[in-house]
Structures are given as structure tokens and as C-alpha cells.
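Derivation of every value follows stated rules applied to the coordinates shown; laboratory data play no part. All figures in this text were calculated on a predicted structure; none of them were measured in a lab. Don't worry about glycine lacking a Cβ; one is built from the backbone with ideal geometry, like all the others, and counts go over all protein chains shown.
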Amino acid sequence: MSHTPKIYVAGHLGMVGSAIVRQLLTQGHPAARIVTRSHAELDLIDQAAVRAFFAAEKPDQVYLAAAKVGGIHANNSYPAEFIYQNLMIEANIIDAAFRDGVRKLLFHDLQLPLTLYEGWFETGRLPAIKMLLLNKTLPVILSPIGITVLGAASALLLRRPRLVWLALAWLWLCSMPITGNLLIRAAEQGAVRLPAETVQQAQAVVVLSGMARTVNAPPSSTPYVREWGDAVDRLEGGLALMRAKRAPRLIFTGGRVPWDVLPTTEGDWLMEHARNRGLPAAAISITPPVQNTAEEAQAVAAMLKGSPSPHILLVTSAFHMPRAAVFGRFQIRPVACCAVWARNHMTFDP
């Protein structure tokens, strides 16, 4: 008679831990053989309590997905506390598992304050991080409201009232619907949506990240969750192409900005949605974590390495198409850029 392992999932209320529990139950693992404890029931920083718990429960396997997480402000304000508590959690569980003869320990590293920032210096990616931060902050400064505030502040400092009126006139002009419509049309360059059936076939459908954001979760749930942003039609476009059998493979890019507190990428989240919509898991791939369009192109090129001049269906937003031209640098031809909004099978030559 085979022995069903007793599994302890540390951090079962978090995003990763709860996903592990769901997967175990989906695969038919008995709920009675899955051990969980909330923070109120077991403080993983308390070494004596952790050792007593392991001695009493004697799990065969341990999945370590517990950690103290927080946003940018919390990480910047209490970096030592985050590192200390997470290191203690990891050390106590590994120590207790060794003492009680646990046969298997899966360690999912959630120590963001240590591993993330350390990785920036080790991999030489700090300049890319700076550019990403500028990309996110400059639009706020150069927005109509930002320029209006700067104009009003300059008027006060320079004692020139006319600057206030110019700033208000600029804000009024930019607030007009006709101005917004003209700017959107210019950004989208007259793109129109193409039916999936009219797009030529390719080796893969590639859906770029940028359609989700991380927000605080409701009370009694996980601390943070993802929700849809404005570009949700990218997922719909990718699924439509797969249903129309335009390609045998769907690739999600693993978008993840440095300050994201969730341990998984946007691609992992999109894959779960695609599977829930009926797409088989065998047809879905995810790139390693990426932070910008250039890294997305590089990661996709690595996944398609070995294919002579690979053709893909690149799914992105209309305004993002000019930036997506970077895919041509990696010997990839996006034959329908993009599949959500396209201009008559727009192509980019390497």
C-alpha cells in the first residue's frame, strides 16, 4: 500500500502558497494530508514554536512560500526588518525540516528586499532600472496637470502672473475631448482591429505584458492581488488567434517591474486565465521575468532559437506598435504587429 505524503505548505494564505494548495487538491492529494498554519497559529520567526510544530506534525514534504512582503514604501522604510524576518522564517523552517527528517523541501525565495536589489548590481541592470523609473515618472511630470503645476509654481517663484494664465490655458486645451482624440489617433497611427481569421499563420502567438497591475487585496485575503488594466484586449486578441488556429503555440512574456511585491510574473497570471478559458497548458509558454519591450524581444528570441527567421503574431496595443519594432533586432519577423490592432499585416524587417 503506497504512502500518501504529508505536506506542510508554509504561507498558504499568500498568492504562491494558495496556488500550491489548489494545485495539490486538483491533482487529487487528500486535504487531510495537507498541513497549513496561519501566522496567528504559528509564528515562523519563533524557532522553538517551529521546532515543536514539526515534531508534532512530522511532515514528509515542506513547501516554503512564506515571507514578509510589502510595497516600495515599506521596503524602503524597514529594509533591515524585512530581511531579518524573512531570513529567520527560512532558517527556522529549514532547520526544523532537517531535524525531523523531512524528505523533500521546496524553497520558493520570496526575499525581495535582498535578492531583488542584490540582483540589480550583480547583473548590471541598474541603468535599465533607472530608465524604467524615468519612463514611469516623466509622463506624470510632463502631463497637462504636471506642466500646469510647474507653471503655477514658476509664476509664484518668478512673480509673473502671466505664467499662471498660460498654465491654465494649457490645461484647458489639453482637457478638450478633441485634443485627446487627436493625440490618441496620432499614437495609434490609424490602426484598425483585424479579425483573427484574416491574419496569416505563424510559429507562435506572442502576447506582450502590460495589461495588469498589483493592488491591495480585501481584508482576510492575500495581501496583494493582480487586476486588469486598460490593455486587457491583448489577452482577448491572443486567445482569438489561438482559437482561429493561427499558430500552435502561445507565448506570454513574464512582465514584472522591480517594485512589484508579488513573487510571480504577469505571464504566470495570464497563463492561469488562458487555461481557465480552455486553452491547453501544453500550448502555453512563459518567458523569464522581463521589465521592458527590449527584454521581451530578447526573451522571445531565446525561446525561438533554432528556428530560421521565426515568424510570430505579436499581440500588443496600437500605441505600443512603434516600440515593438525592437523585435526586428533579434531576427524575429512579427508578421501581424499587432494582432489586436494592426495595419494590414504590418511587418518589421530585422
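What residues qualify as long-range amide H neighbours of residue 63, i.e. H under 5 Å apart, gap of 5 or more or another chain, H built at 1.01 Å from N?
8, 9, 10, 106
If amide H atoms are built 1.01 Å from N in the plane of the peptide, which residues on other chains or at least 5 residues away come under 5 Å of the amide H of residue 206?
For residue 206, the qualifying residues are 251, 313, 314, 315.
Check cross-link reach from residue 58 to the aspartates and glutamates: straight Cα distance under 12 Å, and skip same-chain residues fewer than eight apart.
100
To one decimal place, what orientation-averaged projected area in nm² is obtained for the convex hull of the Cα set of region 170-317?
11.9 nm²
Going highest first, how would you order 7-14, 57-64 by mean Cβ packing within 10 Å?
Top of the packing list down: 7-14, 57-64.
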